[in-house]
Amino acid sequence: MVNSILQNNKLKKGLYLVPTPIGNLGDITYRAVEVLKSSDFILCEDTRVSKNLLKKFNIKSKLISNHKFNEVSNLHKIVNLLKDNNLISIISDAGTPSISDPGRVLVNECLKNNINIIALPGPSAVTTAISVSGFSDQYFFYGFFPDKEKLIKETLGSLSDFNYSLIFFISPKKINKCIPHIKHYFKGRKILICREISKFYEEYLRFNVDQLDLFTKDPKGELTVVLSEKKLDKKKLLILSESDKRIIEKIINKLSTKEITDLIGQTSKVPKKEIYNYCVKLKNEK
């Protein structure tokens, strides 16, 4: 069936980024199987994991171990293979290469050497989690949670002002370490914790952040965590912020009221009438 679908599409040489299932092997695409079968070499994180996938679909291409500890030292060898007109695929243990997995370093090296790069669509924990969340589809994907306590605080503190859904990967061993910080920075929001996406024990845990408790034991399987968008107070949007007021005070004697109103109105959601009235008030106080 695969060959009949793709027989008219001759594959060009270059580097192929091929997503692999994040759990259920049935999620692999016909095109992904065809590309992997046609590859001269397949770069993979863990050959033991990848051999299981390749055996399932009778793929016999040669594997090259390529993980975060050797991807830099591999560059020269792989780029030379690509320059010799080989078709090379890169896969992760699960999901899409270069998204919180090896691949980005090689992609950049291929760009420097004018080597074809072809990305295939496919399984992704990120899009799966946001689609089932019910949260805003305007989202920010961070990747894996930081390890150090200080960096966790700095990261969550900066992201807490974003009015988007936020997506993280978190190790089950670290989730309890992160929960107190999530509760501190994301009060009033909702949270979805996705466990074992597409696998037999798939589970979606939904909470209000304020009611989120520590796990009594580490959950099994990698976790994808989604935080809902920030709820904006519409009343506050109608009032000039203190930073806008300070800017107006600095330029009140340099620009006309209309010019200031137009300038501040470009970046503020406050009604222009509110900006105009504040300018008039300042000028009358002078």
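The values are calculated or read from the model by the stated rules, or taken from the named source; none is laboratory data. Please read these numbers as outputs of a predicted model, since none were measured by experiment. Neighbour counts run over all protein chains shown; Cβ positions are idealised from the backbone, glycine included.
Below are the figures for this structure:
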quantity: Within the stretch 194-238, considering residues that are surrounded by 14 or more Cβ atoms within 10 Å (Cβ to Cβ) and at pLDDT below 90, the one farthest from I167 (Cα to Cα); calculated: G221
quantity: Sole residue being of a type in the set (S, T, N, Q), surrounded by fewer than 16 Cβ atoms within 10 Å (Cβ to Cβ) and within 22 Å of the chain's Cα centre (by Cα), chosen from N80, N52, N24; calculated: N24
quantity: Residue check for I197: over 14 Å from E229 (Cα atoms), part of a loop (DSSP other than H, G, I, E, B), of a type in the set (A, V, I, L, M, F, W, C) and within 17 Å of the chain's Cα centre (by Cα); calculated: yes
quantity: Every residue from the stretch 129-139 that is touching a residue at least 12 places away in the same chain (Cβ under 8 Å), part of a helix (DSSP H, G or I) and either among the acidic types (D, E) or surrounded by fewer than 19 Cβ atoms within 10 Å (Cβ to Cβ) (or both); calculated: V132
quantity: Residue that is farthest from F144 (Cα to Cα), among those in the stretch 169-196 that are touching a Gly at 6+ places or on another chain (Cβ under 7 Å) and touching a residue at least 40 places away in the same chain (Cβ under 8 Å); calculated: E196
quantity: Pairs, first of a type in the set (F, W, Y) in the stretch 140-165, second in a loop (DSSP other than H, G, I, E, B), C-beta under 7 Å, six or more apart; calculated: F140/F162; F140/Y164; F144/S100; F145/K174; F162/K230; Y164/S136; Y164/Q138; Y164/E229
quantity: When residues of the stretch 261-284 are limited to those that are closer than 11 Å to S241 by Cβ and not in a helix (DSSP H, G or I), the one farthest from the chain's Cα centre (by Cα); calculated: V270
